[in-house]
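Step one of this worksheet: look at the structure below.
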């Protein structure tokens with residue numbers, strides 16, 4: 001079994017639990033309200049704005065023996081810079097005020113996920129950050145490819161309200177192929193374990209983030 005296969009196998013239960021959260025399950029089916037979608041974008045803004053800072057910190061803490069992973073982070077940083085602005089534009093296209101998201105505070109659950117990522121990088125192993133990459137990119141592919149169009153049609157929103165999700169869906173599909181190849185280069189047991197442990201914890205915390213998003217449920221939405 002390759003390391004990528006092991007990573008997928010040892011985090012499968014947490015991934016399944018994440019995708020079973022009502023907010024994601026109903027979002028994939030287009031059964032969420034405008035308020036729920038805007039609340040999702042707001043929390044996405046509050047964690048996505050940390051993506052590049054997290055990558056920069058992980059990069060700075062890697063030694064010369066991790067050169068391939070430093071180079072990979074350089075590529076990620078170049079591609080991820082400014083994506084939080086896309087989210088604010090999507091909020092505006094929904095008819096909501098992006099300043100409320102930009103100037104507001106994340107939910108405690110969103111903050112907990114961000115804090116855990118920084119803790120892993122600073123106190124455990126910066127390679128663990130790639131566990132967060134697995135969670136966020138794998139989930140965004142599902143949300144973008146299945147959920148974005150369903151939600152757009154259900155709510156009658158313009159395509160401009162989904163620039164973050166749709167762009168990330170296409171981007172992250174190519175990223176996942178790149179990520180798989182990168183993970184096959186992780187040979188140190190300590191690095192492998194840090195990535196697995198971080199992915200499992202971030203899957204759980206990301207599920208908590210989604211559960212905290214106000215959502216009336218599919219039956220209420222259908223009515």
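Just so it is clear, none of the values below were taken in a lab; they were calculated from the coordinates. Here the structure is a predicted model, which means the values were calculated and not measured. Backbone-built Cβ (ideal geometry, glycine too); neighbour counts: all protein chains shown.
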- Note on the structure: Least to most buried among 132, 55, by other C-beta atoms within 10 Å and fewest first, runs 55, 132
- Query: Against the longest alpha carbon principal axis of the chain, how many degrees, from 0 to 90 and to the nearest 10, is the axis of helix 163-183 turned?
  - Reply: 20 degrees
- On a 0 to 90 degree scale, rounded to 10, what angle separates helix 108-119 from the longest Cα axis of the chain? 20 degrees
- Task: Would you calculate, for the chain, the mean residue ellipticity at 222 nm contributed by helices, counting each DSSP H stretch of 4 or more residues as -39,500 (n - 2.57) and dividing by all residues, to the nearest 500?
- Result: -22500 deg cm²/dmol
- Relative contact order of region 24-92, pairs being alpha-carbon contacts under 8 Å that are 6 or more residues apart, as %: 46 percent
- Exposure proxy ranking, count of Cβ atoms within 10 Å, fewest first, for 37, 76: 76, 37
- Cα centroid distance between region 185-211 and region 47-65, in Å? 15 Å
- Rank 113, 183, 127 by mean-square fluctuation in a GNM of the chain with C-alpha springs under 10 angstrom and give only the top-ranked residue. 183
